[in-house]
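Contents: one structure, followed by commentary.
The values are calculated or read from the model by the stated rules, or taken from the named source; none is laboratory data. All values reported here derive from a predicted model rather than from experimental measurement. All Cβ positions, even for glycine, are placed from backbone atoms using ideal geometry, and neighbour counts span all protein chains on display.
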Amino acid sequence: MKKIIGIFTSCSLFVNAAAIKTHTELAYMQTGGNTDTKTFGLNFKGEKKLGVHSKLSLNLEAAYAQENGAETKNSWLIETNYYHILSQKLDFSYLVGYKNDRFSGFEYQLYTGPGVNYKAWKNQKGDLQTSLNILYAIDSIENGEKNKYTSARAGLLFTYYIYKNLKFVEDANIRTQFSDLQNYFLYSKSSIYSKISTLLSLGLSYKIEYQNRAPDARKNTDTTFMVSLVVDW
């Protein structure tokens, strides 16, 4: 839980450091009596223009759950991406990502490398962005082994406005090892946001995280369903 609080604090410091565009999703539930549970979820995205031709983005995800005093979920992800704008549709990017999930079988996963971001189309109904990165990755497994390899990550970000104040967003990517294509990771987050004011929305999201080779006979798929209060600033 201390890590989750630290991540939330980092978000606050990032926002206070400069005027940026941010998107924050927060969910919390606590029960008592016959069942003692605590559940917390955070998704944060921030974007800051560094000049006419460059910008920096920060993406944070955290989830924590506890039942009768025992942790059942403790994971967090941080990604930062630097973009150099080449044209209206094409950006050069450099990605750094770090993931820690206590129940995944990995101590941590680290990946970094250059790529491109392409804006495939955009109109009044929505937009589609695609990305491709070549990454150097390190997977540190709980048994002490470390897998270091070169990989590729392909992603897409699709936004569609169902109505003026109701939109659907799909954020998905796949990362795979070049020398062993069976070592790959899938991520998908499908969300619906309903705007209730200029700053506030209600969010409904379903996230799937799949690892094709789960360490120590762990389950391959983790899913998270979250109902959240969303603040866009």
Exercise. Go through SER179, SER197 for me and flag whichever is surrounded by fewer than 16 Cβ atoms within 10 Å (Cβ to Cβ) and either over 12 Å from ALA152 (Cβ atoms) or touching a residue at least 40 places away in the same chain (Cβ under 8 Å) (or both).
Key: SER197
Self-check item: Residue check for LEU181: in a strand (DSSP E or B) and either aliphatic (A, V, I, L, M) or touching a Cys at 6+ places or on another chain (Cβ under 7 Å) (or both)
Solution: no
Quiz prompt | Answer from SER104, SER87 - the residue that is at pLDDT 90 or above, of a type in the set (Ser, Thr, Tyr) and not in a strand (DSSP E or B) | solution = SER87
Practice problem: Search the stretch 213-233 for residues being assigned to a strand (DSSP E or B) and among the aliphatic types (A, V, I, L, M), and hand back the single one that is nearest to TYR64 (Cα to Cα). | Solution: MET226
Quiz item: Since ASP139 meets every condition but one in (1) touching a Gly at 6+ places or on another chain (Cβ under 9 Å); (2) modelled with pLDDT of 95 or more, which condition does it not meet?
Solution: (1)
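Could you check the stretch 58-77 and list, in sequence order, the residues that are assigned to a strand (DSSP E or B) and more than 12 Å from the chain's Cα centre (by Cα)?
Once the filter is applied, which keeps residues that are assigned to a strand (DSSP E or B) and more than 12 Å from the chain's Cα centre (by Cα), the stretch 58-77 yields TYR64, ALA65, GLN66, GLU67, ALA70, GLU71, THR72, LYS73, ASN74.
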Exercise. Go through the residues of the stretch 20-31 one by one and say whether even a single one is farther than 23 Å from LYS189 by Cβ and either surrounded by fewer than 18 Cβ atoms within 10 Å (Cβ to Cβ) or modelled with pLDDT of 95 or more (or both).
Key: yes
Quiz item: Of the residues that make up the stretch 123-132, is at least one loosely packed, with under 15 Cβ neighbours inside 10 Å, part of a strand (DSSP E or B) and modelled with pLDDT under 95?
Solution: yes
